[in-house]
Amino acid sequence: MRQLSVLALAVGRRSWGQVRATDISASWADALAGLVPLITALQLRAATEGAGYVADALADQGSYVLPDGFTDPQQFAGVAADGRSLEGLLYSPVVAAKNAVAAGMDVSLALAVGGRGLDRMVQTTIADTGRAAASVDITSRISVGWVRMLNPPSCSRCVILAGKWFRWNQGFLRHPKCDCTHIPSAEDKAGDLTTDPYEYFKSLAPEEQARHFTQAGADAINDGADMFQVVNSRRGMNAAGMKTTEGTSKRGNFYSDSGGKSVRLTPDAIYSLNGDNRAAALKDLEKYGYILPGGQDPLGSIVGQREGFGAMGRGGANAGARAAVQDARATGVRIPSTRATMTAAERRVFDARLSWDAVRAGRNPQGRGPLTPQIAAQVEKNYRRWLSTGGQVFVQ
């Protein structure tokens with residue numbers, strides 16, 4: 001997959017080199033005529049490799065499972081991950097370049113912006129194609145799921161997902177240029193640095209730990225903090241970097257363990273406030289929910305981190321959702337219209353479509369008051385957004 005990605009990068013750059021500053025759109029349209037078939041061919045190879053390696057990976061683990069059908073690699077070639085045509089996707093670097101020119105940027109610099117955008121697109125497209133084909137093949141095998149495997153160097157957001165076992169219907173969070181992949185498996189086989197977040201972290205030099213996790217984050221992990229809590233704390237961090245809202249909601253881990261406290265310091269703040277007093281810093285790391293009783297578990301120390309009954313199951317308390325999930329696990333087949341067995345991405349598209357259908361019928365999807373033009377416009381915008389990404393939320 002890496003070789004195919006390198007090839008895609010090379011042909012993309014060669015084609016972008018044909019763009020003329022005096023006629024950006026027309027010259028890129030000419031270059032695209034040759035680039036699209038090449039990327040399509042690489043997608044076909046990526047899909048073939050992605051679908052074909054699942055059987056070998058399972059066999060190597062002693063857990064081979066017969067597929068219910070064969071994945072067709074042809075269906076993954078010529079289209080982008082968001083459903084657009086490949087040509088439509090690859091035309092967008094021109095838009096980025098021309099927008100940069102319109103904003104006053106020098107043409108040569110604007111073309112460099114477009115070129116970098118094309119680099120990201122072709123690399124991500126090849127990786128997504130291989131992953132998508134592997135996902136379909138995994139789905140075709142009853143009771144088989146997947147483990148995220150890192151392809152170092154990896155960012156902190158990807159690292160904390162490594163080694164966690166996912167059901168066949170759970171989406172693969174990725175960011176532009178993400179080259180992580182699936183390990184098809186009936187259960188987690190974590191143990192080496194490609195699947196164990198802590199083993200990967202320990203394999204990095206101190207400066208690399210700091211670069212990927214920040215200095216305070218790396219110090220906290222080395223001092224025994226839970227990597228998941230440290231990395232996730234950055235999602236809700238304020239501008240000063242001293243406080244975070246992560247885990248402070250009523251359903252949050254920190255809120256529950258702290259007796260309802262809503263103010264949580266970040267690792268950066270803890271080390272800054274305690275200076276050279278390491279004992280005090282360790283005490284605060286525990287106080288603010290970074291050092292956990294479960295220790296540094298590669299699968300996550302928090303209850304609920306592992307496979308449960310999904311977002312609709314309320315930990316198994318929702319009988320209908322629990323039964324639907326259990327049936328899907330046992331048979332490997334799920335009812336498409338059952339929200340309990342949808343992926344989060346599928347559910348976003350499904351709900352947005354229901355709201356849009358209500359607007360088209362003249363009803364307020366919120367159920368309260370009349371349908372206003374503002375509500376209709378917002379529903380349309382929301383539906384377009386989730387359609388364009390397939391319901392995916394791309395991590396940054």
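The numbers here are math on the coordinates, done by the rules we state, and not lab data. From a predicted model like this one, the values you see are computed outputs, not experimental measurements. With ideal geometry, Cβ positions are generated from the backbone for all residues, glycine too; neighbour counts draw on all protein chains shown.
How large is Rg over Rh for the chain, taking Rg from the Cα atoms and Rh as the Kirkwood inverse mean of 1/r across Cα pairs?
Rg divided by Rh gives 0.99.
Panel note: the C-alpha atoms of region 204-287, placed on their principal axes, show extents of 38, 25, 23 Å (largest first). Shown for region 1-60 is the translational diffusion coefficient from the Stokes-Einstein equation, using the Kirkwood radius over Cα pairs, a temperature of 20 °C and a viscosity of 1.002 mPa s: 163 µm²/s.
Ratio of region 343-396's C-alpha Rg to 2.2 N^0.38 Å, to two decimals? Compared with the compact-globule rule of thumb, region 343-396 sits at 1.18. Computed over region 43-99, the percent of Cα pairs more than 17 Å apart is 56.
Compute for region 2-145: radius of gyration divided by Kirkwood radius, i.e. Rg/Rh, restricted to C-alpha atoms, rounded to two decimals.
Value, to two decimals: 1.11.
Each semi-axis of the equivalent ellipsoid for region 75-129 is √(5λ) with λ an eigenvalue of the Cα gyration tensor; in descending order they amount to 25, 11, 6 Å. Considering only 237, 214, 200, the residue lying farthest towards the positive end of the dipole of region 199-255 is 237, judged by Cα position with unit charges set on Cβ.
For the pair residue 278 and residue 384 in one chain, pulling the backbone fully straight at 0.36 nm per residue adds 33.1 nm over the alpha carbon distance.
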